Amino acid sequence: MTELRNVEADLARFRARILVASGVVALCFILLASRLAYLQIVRHEDLKEQAENNRTAIVPVVPNRGLILDRNGVVLATNYSAYTLEITPSKVTNTEQTIDALAGVIEIQTRDRRRFKKLVDESKSFESLPIRTRLTDEEVAKFAAQRYRFPGVEIKARLFRNYPFGEIGSHVIGYIGRVNQAEKKAMEDWPDEEQTNYKGTEYIGKLGVEQSFETQLHGVTGVDSVETSAGGRAVRKLASSPSTPGNTVMLSIDIKLQKLVEDLFGDRRGALVALDPKTGEVLAFISKPTFDPNLFVEGIDQDSWQGLNESPDKPLLNRALRGTYPPGSTYKPFMALAALETGKRTPEQTIQDPGFFMFGGHRFRDDKEGGHGSVNMYRSIVQSCDTYYYILANDLGVDVMHAQMQRFGFGELTGIDIFGEVRGLLPSTDWKRRAYKRPEQQKWYAGETISLGIGQGYNNFTMLQLASATATLANGGVKMKPHLVKQVVNILTRASTATVQGSMGAPIASPANIAVIRNAMVGVNIEGTSAQAFKGAPYTSGGKTGTAQVVQIKANEKYEAAKVGERFRDHALFTAFAPAENPKIALALIVENAGFGAANSAPIARRVFDFWIAGVYPSEEDILAVQKAQAPAPIGNPRQVAGLAWPGNAVAPTGNPLQRANKIP
């Protein structure tokens, strides 16, 4: 009986266990069913999207960069396709060993290694970085046969920027380069739409038009939807939204004129800006020396960068846009106009020039020993009489000069359509108060005004400002905004957007007064300081020579170029316009440390006008003759000039304003 009771108890316990187990199983099934319903019904769309994302990848399609053309449609910047050998550092165990092994298959030079190391330092480890570019078909075949040996290494077809004219116009055109970490960080603050458009973009404009018109040149990024394997390798393309190429940017410069001027400069340092006075279009924009922008496309190697960056000639400095210089005697026509506008002088009023002007016990010397005699306004410009402008500057005063010259854009940004322009320096009493800390430095002394009249002292301007002011004179006082881009052409619709600017207001001076100044500038090229350079020209032109000092010498010491180091010699300047009766071109140029403007700058302007007005391109012999004339003369009696220091940015010093007054026009 006891045994029977034990059996029944065991059965009861077993049934209870079965019941509990069944309940647990049922609960589990309910939970599974609930979870399944939740996933299949509630999360269906979300999970479907995730599954699709695991199966597919969205790959940005970088657009072809837009072309850059000159005013005649000549291509200045284009693209070409080439194969690159690339390494993804995160997929390579030992990068150095991998490169050594690759060097046994494909030639890899020391500069390639240096450039790759620089890219690794600037990039994230999961990015694919080029170790070699522009592979030949033979090199591609060699690597393809041994690809299995190099995990994390692959060959890609990429578009590269090409600048067919090399160094010609490089400061205007600029260049593109790989996006660095600082630029990537800056992109994080861009609007979402712009960030999306730059996904996959590895190169952007770094300088010149390439930088300033980056948005128009870049284009619109497309996307490819690609099916991927479990390992992430693309299997097939599912859908595609094509990219839109960048727009074509047409410049106003003439590349043939640009090349001509750069050839005329030869190896000399300097700058030239030529404008159309009626529209503000930049016809030529020269900064010498130049550089080859193609060096930067693939990432410049260390040796090339060091050579450019450490050169005393500063080839990376855009002298036309950022180099500031005293204008020398090219300032005199604007001083004369200021005298007419303020009523301080009439064209007929004369002064007697004994060859100097005494002020405060200091003798400000004229360039002509013994003086020019009786000088009116016309002769003061034609013969470039310093004494006339010493007296005029003293009569006007610094603040009146500042107000008059500011109207022409001196000391102001022109607003040209590329980045990096500087203001230069147009002095005033207010400027000096703000520029210096000590009270004795803040005070403006009357003697400081005198040298301003001949374009020396604190005056420092860019060739762009000087060219713009000259163009305004040539255009009857109507100021036009300088611009390098003539039009932007939409690559799809072929519609063009012109960038020609209107006038920047009414004439800034009386037409009658401007006519007086223009007539005197015509006299400069006919019977004045630049008459020899323009002898026999088939057109009439106006101009003004100038020579600007780089260093000071003592008041009782005579300047002799042959006794001064080449980089301490005077700068040669020239401003001009042509044809005189209806100007189509106006320019300003400087040849650094070349001496007389009449001898070393005016001949360049003559060849520019011959080409632009008369359609005559100088012969190779003529170009060589101009280059030879500008070559620096040897130092006859080398001497150490006390206190001299070569200015690092090719800008004349602006220290003691009582600078020597025996300059030559």
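The values are calculated or read from the model by the stated rules, or taken from the named source; none is laboratory data. As the structure is a computational prediction, the values presented were derived from the model and not from experiment. Every residue, glycine as well, gets a Cβ built from its backbone with ideal geometry; the counts of neighbours run over all protein chains shown. Heavy atoms of the whole protein, side chains included, go into the accessibility calculation; ligands, DNA and RNA do not. Shrake-Rupley method; radii C 1.70, N 1.55, O 1.52, S 1.80 Å.
Taking the Cα centre of region 238-380 as origin and assigning +1 to Lys and Arg Cβ atoms and -1 to Asp and Glu Cβ atoms, the resulting dipole is close to 700 debye. Cα centroids of region 255-301 and region 470-538: 19 Å apart.
Would you work out the charge dipole size for region 343-477 about its Cα centre, treating the Cβ of every Lys and Arg as +1 and the Cβ of every Asp and Glu as -1, and quote it to the nearest 20 debye? Charge dipole, region 343-477, about its Cα centre: 400 debye, nearest 20.
Placing a pseudo-label 7 Å from each Cα along the Cα-to-Cβ vector at Asn490 and Thr196 gives an inter-label distance of 2.0 nm.
Rounded to 0.05, the FRET efficiency of the Ser510 and Lys535 pair, given R0 = 25 Å and the Cβ-Cβ distance, is 0.15. 3J(HN,Hα) along region 185-190, derived from phi through the Karplus expression 6.51 cos²θ - 1.76 cosθ + 1.60 where θ = phi - 60°, amounts to 5, 5, 5, 5, 8, 6 Hz, with x in place of Gly and Pro. Placing unit charges on the Cβ atoms of the charged side chains and taking the dipole of the chain about its Cα centre, the candidate lying farthest along the positive direction among Asn162, Ser384, Pro439 is Pro439.
Derived scalar couplings between HN and Hα for region 278-293 equal 7, 10, x, 5, 7, 8, 8, 9, 10, 9, 10, x, 10, 8, 8, x Hz in order, rounded to whole Hz, by the Karplus curve 6.51 cos²θ - 1.76 cosθ + 1.60 (θ = phi - 60°), x for Gly and Pro. Simple rule: put +1 on each Lys or Arg Cβ and -1 on each Asp or Glu Cβ in the chain, find the dipole, and look at Gln146, Tyr331, Ser240; the Cα lying farthest toward the positive end is Tyr331. Split the accessible area of the chain by element, probe 1.4 Å, and carbon with sulfur accounts for 54%.
Amide H contacts of Leu76: Ile68, Leu69, Asp70, each under 5 Å away and 5 or more positions distant or on a separate chain (H built 1.01 Å from N in the peptide plane; Pro and chain starts excluded).
Can you say what percent of the DSSP beta bridges in the chain, counting only those with both residues inside, are antiparallel? Round to 5.
Working: 75 of 78 bridges.
Counting only bridges with both partners in the chain, antiparallel ones make up about 95 percent.
With only Lys, Arg, Asp and Glu charged, each at its Cβ (+1 for the first two, -1 for the last two), find how big the charge dipole of the chain is about the Cα centre; round to the nearest 20 debye.
Numbers: 77 positive and 70 negative charges, 147 e Å.
In total the dipole reaches around 700 debye.
Near Ser428, no amide H atom lies under 5 Å from its own; only residues 5 or more places off or on other chains count, and H is placed 1.01 Å from N.
Here the label points at Gln406 and Glu96, each 7 Å from Cα along the C-beta direction, are separated by 6.2 nm in the simple model.
Expressed in nm to one decimal, what extension gain is obtained for the pair Asn309 and Glu348 from 0.36 nm per residue of sequence separation less their Cα-Cα distance? Write down the numbers at each step before the final one.
Numbers: separation 39, 0.36 × 39 = 14.04 nm, distance 5.27 nm.
Separation in residues times 0.36 nm, less the Cα-Cα distance, equals 8.8 nm.
When both region 317-375 and region 568-601 are represented by their alpha-carbon centers, they are found 17 Å apart.
Restricting to DSSP H runs of at least four residues, report the calculated mean residue ellipticity at 222 nm for the chain, -39500 (n - 2.57) per run over all residues, nearest 500 deg cm²/dmol. Could the numbers behind the result be given before it?
Numbers: 26 runs with 244 residues, N = 665.
Calculated from helices alone, the mean residue ellipticity at 222 nm is -10500 deg cm²/dmol.
Rounded to the nearest 10 degrees, the inclination of helix 110-122 to the longest alpha-carbon principal axis of the chain is 70 degrees.
Candidate values (i) 37, 28, 25; (ii) 70, 28, 25; (iii) 46, 27, 24 were compared with semi-axes √(5λ) of the Cα gyration tensor in Å computed on the shown model; the agreeing label is (ii). Rank Ile450, Ala548, Ala495 by how far each Cα sits towards the positive end of the charge dipole of region 431-556 (+1 on Lys, Arg Cβ; -1 on Asp, Glu Cβ) and give me just the farthest. Among Ile450, Ala548, Ala495, the one farthest towards the positive end of the dipole of region 431-556 is Ala495.
Of the cross-linked pairs Lys118/Lys206; Lys91/Lys117; Lys314/Lys486; Lys259/Lys288, which ones have a Cα-Cα span greater than 22 Å in the structure shown?
On the way: Lys118/Lys206 17 Å; Lys91/Lys117 16 Å; Lys314/Lys486 29 Å; Lys259/Lys288 12 Å.
Table pairs above 22 Å Cα-Cα are Lys314/Lys486.
With R₀ set to 35 Å, the beta-carbon distance separating Glu527 from Ala446 gives a calculated FRET efficiency near 0.50. Spin-label model, Val220 to Val74: label points 7 Å out along the Cα-to-beta-carbon direction sit 3.4 nm apart. Calculate how steeply helix 386-396 sits against the longest principal axis of the alpha-carbon atoms of the chain, using the helix alpha-carbon long axis, and give the answer as 0 to 90 degrees to the nearest 10. With rounding to tens, the tilt is 70 degrees. On the basis of the beta-carbon distance and an R0 of 45 Å, Leu31 and Ala239 show a calculated FRET efficiency of 0.70. Per residue, the chain exposes 46 Å² of accessible surface when a 1.4 Å probe is rolled over the protein heavy atoms with every protein chain present.
Ranked by solvent-accessible area (1.4 Å probe, protein heavy atoms only, all chains present), the residues Arg114, Arg15 order from largest to smallest as Arg15, Arg114.
The candidates His483, His44, arranged from most to least accessible area with a 1.4 Å probe in the full protein assembly, appear as His44, His483. Converting phi to 3J(HN,Hα) with the Karplus coefficients 6.51, -1.76 and 1.60 and the offset θ = phi - 60°, region 309-319 yields 6, 9, 5, x, 7, 6, x, 7, 7, 7, 5 Hz in sequence order, with x at every glycine or proline.
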